[in-house]
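The block underneath contains the structure these notes are about, expressed in structure tokens.
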Amino acid sequence: MSFDRMRPAPSSRPEVRLVGKSKAIEAIETDIECAARSDAKVLITGETGVGKEVVARLIHQRSQRSSGNLITVNCAGVPDSLLESELFGHTRGSFTGAYRDKAGLLEQAQNGTVFLDEVGEMSMRMQVVLLRFLETGEIQRIGAARSHTHVNVRLVTATNRDLQTQIASGAFREDLYFRLNVIRLSIPPLRERTDDIPLLIEHFLETCSRQHGVAAPRVDSATMAVLTAHPWPGNVRELRNVVERLVLKANGQVITPSGLPSDVLPRAARPVAAIATASAAQPARRPIAEEMVAQMLERRETFWSLVYPEFMARDLTREDLRGIVQIGLENTSGNYRLLTRLFGMPDEDYKRFLSFLRKHECHLPFKHYRVARVPLNSTRSTAAVV
Amino acid sequence: MKDPLPAPLVMVVDDDDSVLDVLERLLLKWGYRTSAFRRFEEAKAQLEKTRPGPDALIVDVRLGNYNGLQLVHLTKQAHPETVIVVVSGFDDPVLRQEAALVGAKYLLKPRDLTRIKDYLPPLTAN
């Protein structure tokens, strides 16, 4: 879950860097330098997986605050009360389970940097709380009668949402936007800097093989061309995940196009079976989605224990999640209630599950799957799938 | 005889045409040279490539998706001598403080526009 992302960055964490030589990367490097030399608030925008956290880390490392803590908080999927308690702390007895006074993360980041990721997901109430904090710099712990202390932190925020659209729809406060967006850093998606893909692949081949203690495989030129041409909707994170799987699978051998996952291959080159299962309007199935569905069907895992934490830790992209829902719907003939059971959740979780999918734009229309091959209420259909 | 010094160059950045027009007219009337920009990206590119920088920068806070204060930080780093005036249609204490931290004036428009001259570099005699 997101809680374990709320932590001070260990001081021993290795230096991060941007990999690439494209014009876009050069421009980002210049902007990072500008941001690091000032102490202004920074808003980092870009699609999922482009490396917003890496950029935030670089700004902190190169700034005058580098000797202080960098605290990362992911605002997505965390209830208001918990987010407020984590950021501002609480006093003993302020709510059930508050057995002692607890300092908030903003206090722990004194003289350092706080990185608020997915800030576009923040509720209106939390936006007001943050707005007030920006004005006063004062911390009032939950349950405390008055402000407890004044903190000096630098705020760096990030979002993959279009905040202007959210402002227009009333979901994000315009005054907060301009306070957070003093310096804006916009990171382009990987498909707009394809020159960097071979460099990133080489980088991940080396780091992943070192991390797993296996020999680094070599990627032949045809494979490199396929990987460079792929649009990478999950950006650098998706690329790293694919390379990591290749490293583990190849075991030091040369990687050829036939060794690539089918969703990375150009459509014409995909195995017939993979295409046959996906209708023209549907994206191709993703091996990771199939594997996760298989685990849930074999009752080894449930959606909440397997998919949810991976998604919140952003090891799964929205596309992956949609792939999982897609496979589920295919096997329940578009019945979400059955799908809830199929993924190992109790019936009471039906609404929670659907609101989770809607929130992350992964709620697929069920009608397409209603062309039932099996009766809707047949539980046998769930046992024989995938 | 030596050539007279050119009038100070004032760069104006505002995405509102009417404000840009009023400011340019005022500055020209007072005797300044001006260069005007409507878009953040164009102004940023100009500040990055031009040496020396303008003598003064007048910038709006709201520039489309961007905050004019980003240009202030950029100017402070690239052209520390440039005098900076931030103009805004709303009085935000946090942004006012941000401007003050980098030594920029924060004025409200339209109320304070005619007072801008007080904060600009002086014109040479004649």
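The values are calculated or read from the model by the stated rules, or taken from the named source; none is laboratory data. Everything quoted here is computed from the prediction, not taken from an experiment. With ideal geometry, Cβ positions are generated from the backbone for all residues, glycine too; neighbour counts draw on all protein chains shown. We work out accessible area using only protein heavy atoms, side chains counted, and drop any ligands, DNA or RNA first. Shrake-Rupley method; radii C 1.70, N 1.55, O 1.52, S 1.80 Å.
Numbers for the structure displayed
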| quantity | calculated |
| --- | --- |
| GNM flexibility winner over chain B from B:85, B:94, B:72 (Cα, springs under 10 Å) | B:94 |
| Beta bridge orientation in the protein assembly as shown: antiparallel %, DSSP, nearest 5 | 15 percent |
| Region B:9-116: radius of gyration over Cα atoms, expressed as a fraction of 2.2 N^0.38 Å | 0.96 |
| Percent of beta bridges antiparallel (DSSP, region B:9-116, rounded to nearest 5) | 10 percent |
| Helix B:17-30 vs. chain B, principal-axis angle (Cα, 0 to 90°, nearest 10) | 30 degrees |
| Buried accessible area, chains B and A (both chains, 1.4 Å probe, Å² to nearest 100) | 1700 Å² |
| Helix-derived mean residue ellipticity, 222 nm - over the protein assembly as shown, DSSP H n ≥ 4, -39500 (n - 2.57), to 500 | -12000 deg cm²/dmol |
| Solvent-accessible surface (1.4 angstrom probe) belonging to residue A:318, in square angstrom, nearest 10 | 50 Å² |
| Residue range of chain A that is longest and free of GluC sites (Glu not before Pro) which are both DSSP loop and sparsely packed (at most 15 other C-beta within 10 Å) | A:16-297 |
| Sites residue B:111 and residue A:210, calculated FRET efficiency, Cβ-Cβ separation with R0 60 Å, nearest 0.05 | 0.45 |
| Under 17 Å from the Cα of residue A:351 - lysines, other chains or at least 8 residues apart | A:359 |
| Local net charge near residue B:55, Cβ-Cβ under 11 Å (Lys/Arg +1, Asp/Glu -1) | 0 |
| With Cα atoms, 0 to 90° folded angle of helix B:69-78 axis to chain B main axis | 40 degrees |
| Chain A, Cα convex hull volume normalised per residue, Å³ | 163 Å³ |
| Cα gyration tensor category, rounded, prolate or oblate, for region B:1-40 with a/c compared to 1.5 | oblate |
| Acute angle (nearest 10 degrees) that the helix B:40-49 long axis makes with the longest principal axis of chain B, alpha-carbon atoms | 40 degrees |
